[in-house]
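Remarks on the structure that follows.
The values are calculated or read from the model by the stated rules, or taken from the named source; none is laboratory data. Keep in mind it's a predicted model, so treat the numbers as computed, not measured. Quick reminder, even Gly has a Cβ in these numbers, built from the backbone with ideal geometry, and neighbours come from all protein chains shown. To get the accessible areas, we keep the full protein, side chains included, count just its heavy atoms, and leave off ligands, DNA and RNA. Shrake-Rupley method; radii C 1.70, N 1.55, O 1.52, S 1.80 Å.
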Amino acid sequence: MASPNPSSSPPPSSIQALVADALREASELASKEIALFRTEMTSNVRSLFVGLAMMVLAAVFAVTAMLVLIGALVKFVATLVGSEWLAALLVGGGMLLIAVVLGVIGARAMSLSNLAPTRTTRQVQQDARALTERVSG
């Protein structure tokens, strides 16, 4: 009896094992992609809440600044002389500046581009290329 030729087609059990391995690896890859997506979205949502908190703080400072500026204007008109109005005007202007800075920071943190799962998208594209190369190669 002749021994089987090593260059002949693999036995059916090897093909089944390869298909099972491919399915298992595809399942693991999908699980890892989903985990990456969840992690990235959790980070993005957290960033959204920080931006929202900054916007609330900006609103509080803006309202306070407006009250101080109105108080400064009232004192200025009432006294017409003295430096009390100047101090109130400087404090109100400083608070308004703080409100503007917090508002800009909050608006940047809440931009929609920060919510897009860019790492997940990039990883899925890399995996798709690798899978295509593996299947065609």
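Number of residues in the stretch 16-69 that are under 30 Å from residue 99 (Cβ atoms) and either basic (Lys, Arg) or within 12 Å of the chain's Cα centre (by Cα) (or both): the value is 10. Take the residues of the stretch 98-125 that are among the hydroxyl-bearing types (Ser, Thr, Tyr) and either in contact with a strand residue (DSSP E or B) (Cβ under 7 Å, 6 or more places away or on another chain) or in a helix (DSSP H, G or I) (or both): which is least open to solvent (accessible area, probe 1.4 Å)? Here the residue is 120.
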